[in-house]
Every structure is written in C-alpha cells, then in structure tokens.
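The values are calculated or read from the model by the stated rules, or taken from the named source; none is laboratory data. Model, not experiment: these values are computed from the prediction. Positions of Cβ are generated from backbone atoms using ideal geometry, with glycine treated the same way; all protein chains shown enter the neighbour counts.
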Amino acid sequence: MPRRFMQALIRDVAYSGIPSRAKRITQRASSLRCVRASAASTTSAGTIPPMATITRVPHSSLHVSKPTWWLESRFHFCFADYWDPRRERFGVLRVLNDDLVQPRAGFGTHPHRDAEIFSYVVDGQLSHSDSLGNRESLPRGCLQYMSAGSGVSHSEMNEGAHVCRFLQVWISPDRRGHKPQYGSRRFEPAQRHNRLLQLLGGTGPTPAWPGLMQEQQQRQGAAGAAAAAAAAGEELVRLHQDANVVVSESDPGVTFDLSLAAGRQAYITCIEGSLQVNEVPLDTRDGCRVVGRAEGTCPLQLTAGPQGAHFLAIEMALEK
C-alpha cells in the first residue's frame, strides 16, 4: 500500500484509545431518529413497566472512510478524521467500525495504548500479530481481543484470497496503564445459532438474560465431557470495564425476551439480515442505542426478521 497513506492512517489512530478530533466539523449532520418504544407488555397488576429509549442509527447515516483500494470502513462513532459531536461515544463505547479489507492488505503495525480493543470476524480470515509475540488467523464467528494498556503495537491483516469483513470495537478501560494482554476464542456456528453467546465479560455482572450462557458453558453443552475438560482452563475473556458483549445468529422469527436492568444501556448492531428491537426495525448494518432507566428494569425484545438476524450487542453501565 502507498507509504504516505499508511503513515497518515497510523498518525490518525496511533497510540491512543480515543479517536482523533478534526479541527473543524467537515461532515454534514447525520440524522438520528429517536424512537420511544411503546409498552410491549404489562405486569400482572396491569401497570406499564418502564420502557427503554431506543435510537435507531440507520446504515445510510454511517460515515464511510476515505476511498482507498484496500479498505472500506463504516464508522458508527467518531474515528480518525471524522467528527460529529452527536457520535463521539456511547457510554464507554468509543469505536465501532464495520471494516471490509481486500485480500493481501490490511492495517500494518501501529501502536495503541489505554483501549480495550476487540475484533469480531464476519467473513474471510483476519490475521493478528503484536509486539507481545502473538500471531494467529481466525475465521468467521471468532474473536480477537487486545487490552492495549500501557502500550502495545499490532497489525490486522487479510492474508487470504477473499475479502475480510470484521467489526472493530474500542471500549474505554476503567483506568489507565493496565498491563497489555491478548486473547482470542474460536466458536462453532452452533454456539450462536438461535441462542445468545457471550463473547466477552467485564468487571461487572453478566446480564440475567434467559438462555445466555458463557463460552465454557456453551462448549460443555455442545460437545460433552471431553470438550468440557478441555475448556476448563479457558475462562471467559474479560474487559477492563463494566461491559458485556453478546452475539447471536438466529433464524427468521426467533425471539429473545430480555430485560435491561436498572442503570444499564446497550448498543446493538445488526450485522446481517434484519432485526426488530422492541418496535424499532433494524436492517443490515443498522445500529441502535438502547437506554434504560436509573430505576426499574425495561423489557427488551429482539426478533429476527424474514432473512434471519446476525447481531451483536454491547451491554454496559448507564452513562451518567
């Protein structure tokens, strides 16, 4: 790739867990349609439970990266030279990029610090290499996680023959200066098929969502005693932040009846297919902000659309 372009890209994102702010707002204002979800159910006493506020983020409003032969990226939040004060962050969630990387190309070695970074592979193969000595390639449905902490350099490349699509996510850590670390997990399609699979945990509690099982429980249920014994040494990868990451790949009409606990919020993106979040429809690449209440749980119903739904949810503490 051209040396000048890579130097500019690295300068924009390097050695920081926080996206750079452009000096002037050069992007046109994007529209966020805020939808107050109506009551989906009532309690036995007939009272309406508190409802979450859901803001749809349509894929048509996402910023597309500068044209280049090897990368097409859609930014859910401010990143590099893109700045919009309404999309600076969502709680501790700072970056969610939907990246398409051409074969034999990618993000060359560059530094980071004080950011919890993970990648979820959608298509193709994603190869990771870092200054800690880690190197591996992972296919669809797998997870790469890096806590940049006090400083680390890494690269993310598509060394395969086909386009690689992956979600790149940055979350602010609970403090600066953590020891850098790397983790990865491989998952089988059955572990996320018509069920909720927890990819990452955090410093807080796991959501009390029906059917949500952590990775080790999924392996035990899917492959029996032998796999359970092999997985016993693999704990759930945990972020240095009060946040949980969940994924599902569900057939048409599959519904999850969940609730958002008091003092919690979530960001949901529909990776493939379509999804309905309470009464708010999401198409492919759409996102939505789900904001709960300081007191009382809020019902949260997720229903896969006519083509099914592959979605990712990041649940976190309510922004104060």
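The table for this structure:
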read-out: Qualifying positions in the stretch 131-144 - of a type outside the set (A, V, I, L, M), closer than 28 Å to Arg175 by Cβ and surrounded by 19 or more Cβ atoms within 10 Å (Cβ to Cβ); value: Gln144
read-out: Selection count where residues are in a strand (DSSP E or B) and either among the polar types (S, T, N, Q) or in contact with an Asp or Glu (Cβ under 7 Å, 6 or more places away or on another chain) (or both), scope the stretch 171-196; value: 6
read-out: Extreme residue, nearest to Leu93 (Cα to Cα), among residues of the stretch 54-68 that are surrounded by fewer than 18 Cβ atoms within 10 Å (Cβ to Cβ) and without any contact (Cβ under 8 Å) to a residue 60 or more places away in the chain; value: Val64
read-out: Gly160 within 22 Å of Glu272 (Cα to Cα), part of a loop (DSSP other than H, G, I, E, B) and touching a Phe, Trp or Tyr at 6+ places or on another chain (Cβ under 8 Å); value: no
read-out: Residue satisfying all of: in the stretch 88-121; of a type in the set (Val, Ile, Thr) and touching a Leu at 6+ places or on another chain (Cβ under 7 Å); surrounded by the most Cβ atoms within 10 Å (Cβ to Cβ) among these; value: Val101
read-out: Filter result (within 13 Å of His162 (Cβ to Cβ), assigned to a loop (DSSP other than H, G, I, E, B) and within 15 Å of the chain's Cα centre (by Cα)) within the stretch 117-142; value: Arg140
read-out: Single residue of the stretch 209-262 satisfying the filter (under 25 Å from Asp174 (Cβ atoms), in contact with a Lys or Arg (Cβ under 8 Å, 6 or more places away or on another chain) and loosely packed, with under 15 Cβ neighbours inside 10 Å) that is modelled with the highest pLDDT; value: Ala262
read-out: Qualifying residue in the stretch 120-140 (condition: free of Cβ contacts under 8 Å to residues at least 24 places away in the same chain and touching a helix residue (DSSP H, G or I) at 6+ places or on another chain (Cβ under 9 Å)); value: yes
read-out: Residue among Asp98, Asp114 that alone is assigned to a strand (DSSP E or B) and not aliphatic (A, V, I, L, M); value: Asp98
read-out: Flag if Cys270 is surrounded by 23 or more Cβ atoms within 10 Å (Cβ to Cβ), over 21 Å from Asn194 (Cβ atoms) and not acidic (Asp, Glu); value: no
read-out: Qualifying positions in the stretch 185-201 - within 18 Å of the chain's Cα centre (by Cα) and of a type in the set (A, V, I, L, M); value: Leu196, Leu197, Leu199, Leu200
read-out: For Arg86: the one exception among (1) closer than 20 Å to Thr284 by Cβ; (2) not in a loop (DSSP other than H, G, I, E, B); value: (1)
